[in-house]
Structure formats: C-alpha cells, structure tokens
1. Looking at region 308-360 only, could you name the residues that are polar (S, T, N, Q) and under 22 Å from I43 (Cβ atoms)?
2. Out of the residues in region 154-192 meeting the condition of being β-branched (V, I, T) and more than 10 Å from the ligand (Cβ to nearest atom), tell me which one is farthest from the chain's Cα centre (by Cα).
3. Taking region 132-153 only, how many residues are farther than 21 Å from K329 by Cβ and either surrounded by fewer than 20 Cβ atoms within 10 Å (Cβ to Cβ) or more than 10 Å from the ligand (Cβ to nearest atom) (or both)?
4. Just one of the numbered conditions (1) surrounded by 17 or more Cβ atoms within 10 Å (Cβ to Cβ); (2) within 13 Å of the ligand (Cβ to nearest atom) is not true of L215; which one?
5. Answer yes or no: is there a residue in region 123-139 that is part of a loop (DSSP other than H, G, I, E, B), closer than 18 Å to G24 by Cβ, of a type in the set (G, A, S) and at pLDDT below 95.
6. If a residue must be in contact with a Leu (Cβ under 9 Å, 6 or more places away or on another chain) and more than 25 Å from Y214 (Cβ to Cβ), how many such residues does region 279-326 contain?
7. With respect to D321, is the statement that it is outside any helix (DSSP H, G or I), exposed (fewer than 14 other Cβ atoms within 10 Å of the Cβ) and among the charged types (D, E, K, R) true?
8. Quick check on this structure: which one of N227, N173 is part of a helix (DSSP H, G or I) and closer than 26 Å to Y136 by Cβ?
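The values are calculated or read from the model by the stated rules, or taken from the named source; none is laboratory data. What you see is a predicted model, and the numbers here were worked out from it, not measured in a lab. Note that each Cβ is placed from the backbone with ideal geometry, even for glycine, and that neighbours are counted across all protein chains shown.
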Amino acid sequence: MENKNIILTGDRPTGRLHLGHYVGSLKRRVELQNSGEFDEINILIADDQALTDNADNPAKIRDNIINVVLDYLSVGIDPEKTTICVQSALPALHALTFYYLNLVTTARLSRNPTVKAEIQMRGFADEGLPAGFFTYPVSQAADITAFDATVVPVGEDQLPMIEQTREIVEKFNKTYGETLVLPKAMIPENETQRRLPGVDGKAKMSKSLGNCIYLSDDAKTVKKQVNGKMFTDPLHLRIEDPGHIEGNVVFTYLDALCTDDHFAEFLPEYSNLDEMKAHYMRGGLGDGTCKKFLINVLEETLAPIRQSRSMWEKDIDSVYDILKAGTEKAQEKTNEVLARVRKAMRIDYFDDRNIISDWKKMLIK
Ligand code: TRP
C-alpha cells in the first residue's frame, strides 16, 4: 500500500441536489478538489445503496443519476481532477461487501443510530426490514476501502458508517494481515454547514416537506421560496421592534452564504453581517430588506451554477462519456483492491498456480 491522500465520498441518487447539499458538502468538495492536497478524489454515485430502500422504483434512481452528475458538474466538480463513478458498475464492491459481511455481527449492525432512525422514518419497523437496507453500512465500508480512501468527507449523520468501516478494516487486517487502509471522516466545519434548515425553518431540507431550494431552481422559484415561505422572527411585527436572529432562517442562510463583498455590492449600509445583525436586533431593520438582500446573495451563488447546468444539459452525450470514463477508471482501481483482498485471504485461486503444489503436498500427507 502506498502512502497517498485519497478522498472518497458519495451520494445516493434519489433526487436533485439542493442548497443544503451545496453548503454542507458540494462547496467543500470543490475546495478540496482545487486545494491540490489530495492525490486522488473520487465521488461515488451510490445507486446500489439507493436501491436498498427503493427496490420497487429503480427508474427513480436511473433518472436521478444524471441529475446528480449535472449538479456536480455545474457546481465546479472537474472531471479532470475528480473521478465520478457509478456504484452498480463496480462489481468489486459487491464482492468486498460479501466478505465484509462475515466480519460484522447483526447485533453490531442493529446499534447503528443512523440506520435505526432511517428504519423508523421509512416504516420498515412495521413493514419488515429489507436485509439489503439493514446491511448497507457494510456495503459503504466496501465503497470506502475499495478506493484505499484515507479521508471521507461526509455529513454528521454518516459518522456511524465511518466508525463501522474502521472496525471492519481493523478486523480484516487483524485476521488476514495488513491489507486495507484505515479511513478518517471529515465533517463540515460549523453548525450552519452541517445542518442548513429548510426555508420553513423545520428540520433539514427535504423533498417531501417542500422546503428546499434546488440548485436547478430558476430565479423566480427561489424568490418565491424566500418571499413566500421563509421563516423569520414571529415577534418582529413592526420594523421598529427588536428582532431575533436565532432560529431566523434568513440569517441562518446569510451566515452560510454571504460575504463582505455581497454587502459592498447589494447593501452598502453595512460592511458586514455582524453590523446588519446588530441593527436587526436593535430594531429598525425590516424583514423585507433582509429577504431582498438574501435573494441577491442567493442569485449571486446560484446563477452561475444554473447557467453551467443548462450548458451541460445541452450536452448529455458528453456527460455520459465523463461518467463512463470515471467509472472505467474506478473499475480498475477497485479491482486492484479486490485482488489484494483475495490474496490476503488466500482465495485468489486462479491468480496463483502455487495452490496446485500446496494441494498436492496436502494430499500426499
Ligand atoms: N450513505 C451516504 C449518504 O446517504 C452515501 C454514500 C454511499 C457514501 N457510499 C458512500 C458516502 C461512501 C461516503 C462514502 O449520504
């Protein structure tokens, strides 16, 4: 094993990506990609994992693979620097999952807090729990180890998966000898990045709650979400009233997105967000002004993404080729790791004819 700095991260292709994804992971991925600090960056479109709770609707996953790639490309993921690949086309991942399943107990899987919460949310507790869903953390361990990933940038909810992966790596290496790389999780730096609320202030952005701003939304839709739905401060009735920042979604979004340059450009009365917040809390700054500023900031962020997306949308053949080339590269890499694993387990029967002499010796005895 070489000493390389390798990133692997991924998404389930179950829908278009939204501002929560952008703030929580996509923006960071582009920064990491352009930092020059990594030898390899891989993004896995986890369509097999998505099927573990969508087995009845593979068409949804199929459709969203292209949406997710378009979202990646339009935020600035550069296929020259980052390998984008599709999970189901990497058979090494399936084989690794099958071996790792033997290194994990069902009791351990039952303790995974994220999976537990998802089982409740999806009603699997009553309907019956698909074994594939129950064991997807093991398949995720295969994803991560198959790329020799050292760093896995993820949301906080994914920490139990990385923990589980580390346990599998340790168990594997102890049982079969040093073979797999021990990965580390990298989570978003601050609270706002970790958990951008929906426009209604409720929970995270989620399709079913209709509280998302999608990267592919047009300017009119974004404006409508902010003006029509965005939660501010219910106690701030008149402009002169003192306002509250905490739980005020407009300020949460500004915390996540706005820079001092945005003030210079759109709201020069203030030089930064702290000054604006101070005025709001003192009283005298209306929600309308705040929302108008936020819409400008959102547009500044989203317009280039939207523009880039519409260019890529006109060239789906190229997007397909990017995905195919990335997947082929990933096939090579993951097959190498699988070969290493089989060798460590000494089940590489047809790669190593020495087994013939071993068998002969054993039979003579
Ligand atoms: N479980 C991740 C999610 O729901 C997606 C994922 C699949 C992933 N495989 C991965 C993330 C490997 C990081 C590494 O967001």
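1. Quick first cut of region 308-360, residues polar (S, T, N, Q) only: 308, 310, 318, 327, 331, 334-335, 354, 357.
Listed by number, the residues that qualify are S308, S310, S318, T327, Q331, T334, N335.
2. Going through region 154-192, the residues β-branched (V, I, T) turn out to be 154, 162, 165, 168-169, 175, 179, 181, 187, 192.
Now restrict to residues that are more than 10 Å from the ligand (Cβ to nearest atom): 168-169, 175, 179, 181, 187, 192.
On the way: I168: 21, V169: 22, T175: 31, T179: 26, V181: 21, I187: 11, T192: 16 Å.
Once the filter is applied, the top-ranked residue is T175.
3. So the answer is 5.
4. With (1) surrounded by 17 or more Cβ atoms within 10 Å (Cβ to Cβ); (2) within 13 Å of the ligand (Cβ to nearest atom) applied to L215, the lone miss is (2).
5. Here is the first cut: in region 123-139, the ones part of a loop (DSSP other than H, G, I, E, B) are 123, 128-130, 135.
Imposing the further condition that a residue be closer than 18 Å to G24 by Cβ reduces the set to none.
The answer is no; no qualifying residue exists.
6. Number of matching residues: 2.
7. Details: outside any helix (DSSP H, G or I): no; exposed (fewer than 14 other Cβ atoms within 10 Å of the Cβ): yes; among the charged types (D, E, K, R): yes.
Taking the combined requirement at face value, the residue does not satisfy it.
8. Values: N227 fails: closer than 26 Å to Y136 by Cβ.
The conditions single out N173.
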